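Here the structure comes first, spelled out in structure tokens, and everything after it is commentary.
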Amino acid sequence: MPAIVLHQWAISPFCGKVRRILEHKNLAYETVEYNGLRARKAKGLTEVGKLPVLDYDGERIQDSTDIANFLEARHPEPPLFPGDPQQRARAHFWEDWADESLYWFEIYFRFMYPEARARAVALLAEGRPSFERVLLGRVIKGMYAKKVAAQGLGRMPAKRVEEKFLAHVDSLETLLAKQRWLVGEARTLADISVQAQLAEIARTSHLAGEIEKRPSVSEWLARS
Ligand SMILES: N[C@@H](CCC(=O)N[C@@H](CS)C(=O)NCC(=O)O)C(=O)O
């Protein structure tokens, strides 16, 4: 078995995506956590400075999409992608939608609401001295407020952002009421990518209850 180490924040949706990929492929791995002030060390792991980062038998890969492709090449079974090229193209777009659009709803619902933010800060400070939790609490709000304002959601009323998100969840419900997986007949990177974002929204946001109310989405999310 290869030596695999995932450098992560446990509550990062992209790190959750990589854990799901590794579990899908039945690969054993260890994790290294970057909670609290250790977050600064994550910047030095790669040029990009983001997590997840995966160490695989001495090779270092960053970016969840690149990690997925890397692991697919080395461990083709069970596959992450459908064999049919058209379905593979659909899986590609689902992944990109999850990573580039749904992700911002996750950030917004986690960091723009005081109760969700307090839960996230507690999780991001787990295992660290208590002063780091206080520090994180102080810096995180402003940091993410700037990011969501630049992206756009941060300049909309919260009610509108919630409506837009629930329209996405309703569309997922419509699809999943008629099909077991997002693309084709088996679990693919499409399901993994969307599930990873929704699971993190459900972990810290009051919208968890709204997700639970959609039976097909809820059942598919639990079937991971
Ligand atoms: N496209 C990247 C996105 C990774 C990403 O944005 N990670 C966040 C944590 S959820 C991060 O490292 N943020 C710290 C930063 O941007 O400096 C992937 O798929 O891995």
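Per residue, what volume in Å³ does the Cα convex hull of the range 144-224 take up?
With only Cα atoms used, the range 144-224 gives 100 Å³ per residue.
When the helix-only estimate is applied to the chain (DSSP H runs of n ≥ 4, each -39,500 (n - 2.57), divided by the residue count), what is the mean residue ellipticity at 222 nm, nearest 500 deg cm²/dmol?
Calculated at 222 nm, the ellipticity per residue is -18000 deg cm²/dmol.
If neighbour count is taken as other Cβ atoms inside 10 Å, put His24, His168 in order from fewest to most.
With the sparsest Cβ surroundings first, the list reads His168, His24.
With no solvent and one point on each alpha carbon, what is the Debye value of log10 I(q)/I(0) for the range 9-75 at q = 0.28 Å⁻¹?
Here log10 of I(q) over I(0) equals -1.48.
Provide, in order from the shortest bin, the percent of all Cα-Cα pairs of the chain in each 5 Å bin, continuing until the bin that contains the maximum pair distance.
Per 5 Å bin, starting at 0, the Cα pair percentages come out as 1, 7, 14, 18, 19, 17, 14, 8, 3, 0, 0.
Between Ala199, Ala158, Ala120, find the one with the highest GNM mean-square fluctuation for the chain; connect C-alpha pairs within less than 10 Å.
Of Ala199, Ala158, Ala120, the most mobile in the Gaussian network model is Ala158.
Among Thr204, Thr174, which comes first, then next, by fewest other beta-carbon atoms within 10 Å?
Thr174, Thr204
What number comes out for the charge environment of Gly83, summing +1 per Lys or Arg and -1 per Asp or Glu over other residues with Cβ under 13 Å away?
-2
Charges at C-beta only: +1 for Lys and Arg, -1 for Asp and Glu. How large is the resulting dipole of the chain about its Cα centre, in Debye rounded to 20?
It comes to approximately 960 debye.
Determine, for Met112, Met156, the number of other Cβ atoms within 10 Å of each Cβ, and report the residues in order from fewest to most.
Least crowded to most crowded, the residues run Met156, Met112.
Would you mind pulling out the separation of the Cα centroids of the range 139-199 and the range 201-224, in Å?
Centre-to-centre distance over Cα atoms comes out at 11 Å.
None of the figures in this text is laboratory data; all of them are computed from the coordinates on show. These figures come from a predicted structure and were not determined experimentally. All Cβ positions, glycine included, derive from the backbone under ideal geometry; neighbour counts span all protein chains shown.
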